[in-house]
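Colleague: Got a structure for you, questions after.
The values are calculated or read from the model by the stated rules, or taken from the named source; none is laboratory data. The structure displayed is predicted, hence computed values, not measured ones. No Cβ is skipped: glycine too gets one built from the backbone with ideal geometry, and neighbour counts run over all protein chains shown. Please note that ligands, DNA and RNA were not included when accessible areas were found on the heavy atoms of the full protein model with its side chains. Shrake-Rupley method; radii C 1.70, N 1.55, O 1.52, S 1.80 Å.
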Amino acid sequence: MVSLDYSLGIQILNFIILIFILNRLLYKPLLGMLDKRKQQFAESEAEIKRLQETVEQKMAAYEEKLRQAKATAIEQKKEIIRQGAETAKEINDAARAEIPGLMEQFHTRMEEEIGAAKRTLAGQSQKLSVEIAEKVLGRRLS
């Protein structure tokens with residue numbers, strides 16, 4: 001059985017001193033480290049969220065710039081195609097405009113060559129006719 005004498009008071013006093021010592025040496029430093037760790041964890045989560053938001057903002061900005069670059073490239077491509085078509089039309093029109101002049105030059109040159117050939121042939125045909133007549137008649141035509 002438990003006796004209620006002065007040793008109970010010493011045990012109570014010993015228990016209170018032990019609680020005070022344990023609180024001072026063990027519980028407070030342990031709870032302080034746990035609080036510090038919890039605070040570091042919360043700060044790390046906040047930093048992660050901030051970095052995540054920064055990454056998302058930069059990705060959104062990158063995607064927007066990429067979209068704008070694609071749109072600009074498409075517009076430049078359309079402009080280059082349009083300019084190429086205009087240049088081709090101008091070249092085609094210039095070639096078509098030259099055709100009548102070239103045809104006129106060709107016809108003029110052909111007519112000149114035909115005239116020269118006719119004159120050459122006319123002179124040669126007259127000489128040839130005289131030679132044939134002389135051979136057929138067997139005498140010289142003066």
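Colleague: Determine whether Leu31 is outside any helix (DSSP H, G or I) and either aliphatic (A, V, I, L, M) or out of contact with any Lys or Arg (no Cβ under 7 Å at 6 or more places or on another chain) (or both). Step through it out loud before you land on a result.
Modeller: Values: outside any helix (DSSP H, G or I): no; either aliphatic (A, V, I, L, M) or out of contact with any Lys or Arg (no Cβ under 7 Å at 6 or more places or on another chain) (or both): yes.
The answer is no for Leu31.
Colleague: Assess whether Glu111 counts as being charged (D, E, K, R), modelled with pLDDT of 95 or more and either assigned to a helix (DSSP H, G or I) or surrounded by 10 or more Cβ atoms within 10 Å (Cβ to Cβ) (or both).
Modeller: No: the conditions fail for Glu111.
Colleague: Here's a follow-up. Which residue out of Ile91, Ile48, Ile74 is modelled with pLDDT of 95 or more, open to solvent by 100 Å² or more (accessible area, probe 1.4 Å) and among the β-branched types (Val, Ile, Thr)?
Modeller: Ile48
Colleague: Starting from the stretch 17-46, keep only residues that are touching a residue at least 60 places away in the same chain (Cβ under 8 Å), then list their pairs with residues that are open to solvent by less than 100 Å² (accessible area, probe 1.4 Å) and part of a helix (DSSP H, G or I) whose Cβ atoms are within a distance under 6 Å, requiring at least 6 positions of separation or different chains.
Modeller: none
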